[in-house]
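What follows is one structure encoded as structure tokens, with my remarks underneath.
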Amino acid sequence: MNRIILTLSLLGATTVYAQNIDKSYKDYDFVAGEETIFEDKFLYGQAEKISDHWEFMDGGGSASLRMVDSVMVLSFDAFYTRLKPKIFGNKTLPDDFTIEYDAWLDEAYDSNPGVYITFELADGTRLPIITPSRDRLSVILPNNETISKDNPEEYYSSKFLNRWVHFSILVSKNKMTVYLDQNKMIEIGDILAKPKFLIVTGDKMGEAGNGETPIYLKNFRLATGFPINIFENGKFITRNIKFDVNKSILKPESISTIKQVKDYLDKNANVKLEINGHTDSDGTDEANLLLSQQRADAVKNQLISMGIASDRLVAKGFGESQPIDKNTTVEAKASNRRVEFIIVM
């Protein structure tokens, strides 16, 4: 531990260790795909526009980028704003994929739906629809059947409105599972049709200048690829241990992947791991090196808090020095932002 602190001090900073993930996520079992096929953190270059990454559907809608609590987010600025990720072009969704995003809904919406997901079928039909609200989460299927589940009681008052809520969706063949934060809400054995595309919708109320009624979106990620043996060839590379931009506090949805690592260590008592943090090339070399070390330390400390002995874990940060893809596209940068676990004995 002293060696790590000294190294970081030479970089002009002291170590900031992440707090352990809230125990309310102890039963959270959503595991996202490891291969990012579309991601938007809304960190655009000077010449980039929303329309470079998203198609505005049906010839209408409006959206803008805003800074909220020092994080860049997308604001839905008009009713009937439908956005389709441009990554697809003529490509279609794979058979197995995951969607994750954070959404913010102003309290003025009360029981109205927030950001919701529509799947478009091959014939242009826009069903199923995954619609979250303060009261319940609903899925409308292609036969117009609606499957709903009431939210936990605390969401009725303050937990759904005026805060960031995380949504996770798994589609595997025709099966769908939907989560609201750490809560598994809906499991559907057959969604009746294979989705080809997806559309993200936000319906903003009111006109500009008549009071702020925001609907925000951030951290949107679409992924596929689900490894069966996470330590094949003595290494596990993951993009599912997550942090906010330029921060080292573990996001709670990281717990599922960290539990996979803990379970492996529990079953292999003689194994020691090196935890390596890697960033993309945005930012300075020095800042990225420091950030990657802090993130690796955060993962190590989380595993220790879950009962893994500290002498079985070594944390190292490599910053942007070891890319595995060119840092020229959003998807490539997402690939380079990763945590690697390497068996060292």
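The values are calculated or read from the model by the stated rules, or taken from the named source; none is laboratory data. Everything quoted here is computed from the prediction, not taken from an experiment. Glycine gets a Cβ as well: all are built from the backbone with ideal geometry, and neighbour counts include every protein chain shown.
Output the number of the condition that E100 fails; it satisfies all remaining conditions of (1) more than 19 Å from the chain's Cα centre (by Cα); (2) buried (at least 19 other Cβ atoms within 10 Å of the Cβ); (3) of a type outside the set (S, T, N, Q); (4) assigned to a strand (DSSP E or B).
For E100, the exception is condition (1).
Name the residue, out of T328, T284, that is more than 28 Å from P85 (Cβ to Cβ), in the same structural domain as I249 (by TED's automatic domain parsing), at pLDDT below 95 and out of contact with any helix residue (DSSP H, G or I) (no Cβ under 9 Å at 6 or more places or on another chain).
T284
In the same structural domain as Q302 (by TED's automatic domain parsing), part of a loop (DSSP other than H, G, I, E, B) and touching a residue at least 24 places away in the same chain (Cβ under 8 Å): is that true of N270 in this structure?
yes
Of the residues D102, D96, D123, D110, only one is in the same structural domain as Y216 (by TED's automatic domain parsing), of a type outside the set (G, A, S) and under 16 Å from K218 (Cα atoms); which?
Within the list D102, D96, D123, D110, the selection yields D102.
Of the residues N246, N276, N301, only one is touching a strand residue (DSSP E or B) at 6+ places or on another chain (Cβ under 9 Å) and outside any strand (DSSP E or B); which?
Answer to the selection: N301.
Where residues in region 295-318 are in contact with a Ser or Thr (Cβ under 6 Å, 6 or more places away or on another chain) and buried (at least 22 other Cβ atoms within 10 Å of the Cβ), which of them is nearest to K267 (Cα to Cα)?
A298
From Y80, Y156, Y109, grab the single residue that is under 23 Å from E253 (Cα atoms) and not charged (D, E, K, R).
Y156
Looking only at region 227-280, which residues are more than 15 Å from the chain's Cα centre (by Cα) and among the basic types (K, R)?
Hits for region 227-280 are K235, K259, K262, K267, K272.
Give region 281-295 a look and list any residue that's of a type in the set (D, E, K, R) and either within 20 Å of the chain's Cα centre (by Cα) or not in a helix (DSSP H, G or I) (or both), or say none.
Matches in region 281-295: D282, R295.
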